[in-house]
Amino acid sequence: MFVKEIRDYDRFSDEADIIISDGKYDLLCYCFPTEIPKKGQTIKTVTALFAKNMMRVKNNEFIIKKMTNYYAYQLQGEVIDSLTPKICIGDIIIYLDSSLPKDIKEGEYIKLSVDRLDCTLG
């Protein structure tokens with residue numbers, strides 16, 4: 001995961017809106033606190049905030065749908081850890097701020113809504 005594009009950087013508050021990528025999939029993330037991000041810089045973590053409406057899906061594919069709110073997404077990815085919990089979309093690993101339903105297991109695909117994605121730079 002790396003910084004593909006810097007949308008906005010506020011020097012006063014040390015926060016940025018950046019597009020992260022794995023080379024195939026792209027996501028808009030909020031990044032704080034940060035120094036000026038650089039294109040190609042490694043992403044350390046991505047966290048989905050206010051994750052909700054989680055449900056198992058039968059089609060094993062990665063889907064990213066941008067919603068109308070600035071940072072909001074509807075995501076579909078593979079569960080790679082049901083305890084932590086985290087999913088992947090391609091090579092992008094996303095930690096969830098909410099527990100997964102107990103009947104969802106690692107290796108299954110889920111669909112969920114998130115209000116914001118936060119990232120930290122590596």
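The values are calculated or read from the model by the stated rules, or taken from the named source; none is laboratory data. This one's a predicted model, so the numbers in the text were calculated from it and none came from an experiment. Cβ placement follows ideal geometry from the backbone for every residue including glycine, while neighbour counts extend to all protein chains displayed. Surface areas here come from the heavy atoms of the whole protein model, side chains and all, with no ligands, DNA or RNA. Shrake-Rupley method; radii C 1.70, N 1.55, O 1.52, S 1.80 Å.
Assorted remarks:
- ³J(HN,Hα), Karplus 6.51/-1.76/1.60, whole Hz, each residue of region 93-99, x for Gly, Pro: 9, 10, 7, 9, 8, 10, 5
- Taking the Cα centre of the chain as origin and assigning +1 to Lys and Arg Cβ atoms and -1 to Asp and Glu Cβ atoms, the resulting dipole is close to 320 debye.
- The chymotrypsin sites (Phe, Trp or Tyr not before Pro) of region 15-88 meeting both criteria, a DSSP state outside H, G, I, E and B (loop) and at most 15 other C-beta atoms within 10 angstrom of the site's C-beta, are 50, 70.
- Sorting 106, 78 by accessible area puts them as 106, 78; the probe is 1.4 Å, largest comes first, and only protein heavy atoms count.
- A value for Kirkwood radius over Cα pairs in Å was derived from the coordinates, and within the list (i) 18.2; (ii) 16.0; (iii) 14.5 it appears as (iii).
- Table column - 3J(HN,Hα) (Hz), region 63-73, Karplus curve with 6.51, -1.76, 1.60, x for Gly and Pro: 9, 10, 10, 6, 9, 6, 5, 3, 9, 6, 9
- The distance linking region 4-64 with region 79-122 is 13 Å (Cα centroid to Cα centroid, whole angstrom).
- Here the Karplus curve 6.51 cos²θ - 1.76 cosθ + 1.60, taken at θ = phi - 60°, turns the phi angles of region 53-61 into couplings of 6, 7, 8, 5, 10, 8, 7, 8, 9 Hz, with x standing for Gly and Pro.
- Applying a 4.7 Å Cβ-Cβ cutoff to the chain, the cysteines left without a disulfide-compatible partner are 31, 88.
- For residue 41, nonlocal amide neighbours, meaning residues 5 or more places apart or on other chains whose placed amide H falls under 5 Å from its own, are 3.
- Per residue, the accessible area of the chain comes to 56 Å², computed with a 1.4 Å probe over protein heavy atoms only.
- Projecting the Cα atoms of 83, 18, 33 onto the charge dipole of the chain (Cβ charges, centred on the Cα centre) puts 83 farthest toward the positive pole.
- In terms of accessible area, using a 1.4 Å probe and ignoring ligands and nucleic acids, 11, 56 rank largest first as 11, 56.
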